[in-house]
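The values are calculated or read from the model by the stated rules, or taken from the named source; none is laboratory data. All values derive from a computational prediction rather than experimental measurement. No Cβ is skipped: glycine too gets one built from the backbone with ideal geometry, and neighbour counts run over all protein chains shown.
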Amino acid sequence: MLSALGHHRRSRLTVITAFIFLFTFSLMLDVDSASARRKRARKKPIPYRSILLIEANTGRVLKARNERLPTKPASIVKMMTALIAMEQISRNIIHLDDIITTSRSASRIGGQQVYLKQGEKFTLRDLMKSIIISSANDSSYAVAEHIAGDAEAFVDMMNQRARELGMTNTRFVNVNGLPPGGKKPTNQMSARDAGILARELIKYPLIMKWSTTKNAPFRNGSFILTNTNTLLGRFRGMDGLKTGYHRKAGFSIVATAKRKNLRLIAVVMGSSHSRHRFKEAKRLLAWGFNQYRWIDLGKTQKPKRRQIKVLKGQKRTVRIRLKENVEALVRRNEEKRISMKLDLPEEVTAPVRAGQKVGRVTYELGGNKIGGTDLVAAEPVKKLGFFQSLFRFR
């Protein structure tokens, strides 16, 4: 009887031990599962192939990822088409009022278009507006034919201009970015090259005017051009520039915005969804405007010496000034780390001309030069005459 009771107790203990083990093991599985879920969440695929954020004036790279990776740019290609057209206009080779007759080839271009009909006539101005605002493939083809005689010759011009600009990861095969089909080579462009191209294109006020236009009439108002950049009006300072999409290329955008004296260009290439490109471009630009600003170094770092001695002059000293304003793009937390170095003699000899160089000022940040300018005389100082020098007491 006692033996049976002991055996029963041991059985119950075994069951309880097994239950505790199973419960603990299940908790561990839950913890491991939660950890795995967190790791998977952290390893979500990046929703783009490459990104770039640059300051437009200097081209300084503020943020980048895979910026030299060649990708399919889709309609971003039209930025080069537009650039060559604007350069030709600026040289008076072609004119905005030129009348362009739609060819059979131009009328047969598919994708995003304004449905040009063979023989239909438009001004170069109207076609350029449709390219920049509505990304019209047929208009791009018609403009290329007008400039080079045929689209293939225009592609050669595009590739030549890309080489001149240092776009080393770019290849153009057509004028509008459409996939060529079959096993033919495709258009290629890196985010870095798109940034270089954008810096050139924004130099033309008409391009910026069109790229910030949300809607515009075409074909006497029977067709409305709609801007493909949905960030217009939704992001402060946004005024351009170009979107791109086809199925194999994904969604891309070259976006530019200006706040005060700071213009930024954001490039997002090969996004998996349209909203991702806009979201990422907005995030890049917002970060850039929050982190960087142009500062006047002459106002933040003023030379302690405002004048220097003049030997044999009718005045004993001459005031000095910076020859020109010196600005630098810096992050907001770096301003206090800027230092200044003066290369200024103790004295100069008369005569002294107004604007004459007397020294040099250099500004540094973390040991790196970020700007500098000459120090010049703010006023003239004549040399003492013979009799004046006799009465000068030192």
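Quick look at the values:
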| item | result |
| --- | --- |
| Boolean, residue 237 is surrounded by 19 or more Cβ atoms within 10 Å (Cβ to Cβ) and either without any contact (Cβ under 8 Å) to a residue 60 or more places away in the chain or not charged (D, E, K, R) (or both) | no |
| Pairs with Cβ under 9 Å, 6+ apart, first in the range 256-271 and on the phi > 0 side of the Ramachandran plot, second in a strand (DSSP E or B) and among the small types (Gly, Ala, Ser) | 270/50; 270/250; 270/252 |
| Qualifying residue in the range 93-112 (condition: closer than 30 Å to residue 46 by Cα and surrounded by 13 or more Cβ atoms within 10 Å (Cβ to Cβ)) | yes |
| Elements of type strands (runs of 3 or more DSSP E) in the range 295-342, at least 3 residues being closer than 15 Å to residue 356 by Cβ | 307-311, 317-322 |
| Residues satisfying the stated conditions in the range 313-339, i.e. farther than 24 Å from residue 63 by Cα and either loosely packed, with under 13 Cβ neighbours inside 10 Å or out of contact with any helix residue (DSSP H, G or I) (no Cβ under 8 Å at 6 or more places or on another chain) (or both) | 313, 315, 316, 317, 318, 319, 320, 321, 323, 324, 325, 339 |
| Within the range 180-198, tally of residues that are of a type outside the set (Gly, Ala, Ser), outside any loop (DSSP other than H, G, I, E, B) and surrounded by 19 or more Cβ atoms within 10 Å (Cβ to Cβ) | 5 |
| When residues of the range 220-240 are limited to those that are in contact with a Leu (Cβ under 9 Å, 6 or more places away or on another chain) and in a loop (DSSP other than H, G, I, E, B), the one farthest from residue 275 (Cα to Cα) | 237 |
| Any chance residue 177 is modelled with pLDDT under 95, over 15 Å from the mean Cα position of the chain (by Cα), not in a strand (DSSP E or B) and not basic (Lys, Arg) | no |
| Residue within the range 23-32 that is modelled with pLDDT under 95, on the phi < 0 side of the Ramachandran plot and of a type in the set (D, E, K, R) present | yes |
| Only listed residue being within 28 Å of residue 99 (Cα to Cα), without any contact (Cβ under 8 Å) to a residue 60 or more places away in the chain and surrounded by 18 or more Cβ atoms within 10 Å (Cβ to Cβ), chosen from 243, 212 | 212 |
| Residue match in the range 268-291 (condition: among the hydrophobic types (A, V, I, L, M, F, W, C), in a strand (DSSP E or B), in the same structural domain as residue 74 (by TED's automatic domain parsing) and closer than 28 Å to residue 77 by Cα) | yes |
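Residue-wise test of (1) within 30 Å of residue 80 (Cβ to Cβ); (2) among the hydroxyl-bearing types (Ser, Thr, Tyr); (3) in contact with a Gly (Cβ under 7 Å, 6 or more places away or on another chain).
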position	(1), (2), (3)
250	yes, no, yes
257	yes, no, yes
296	no, no, no
321	no, no, no
328	no, no, yes
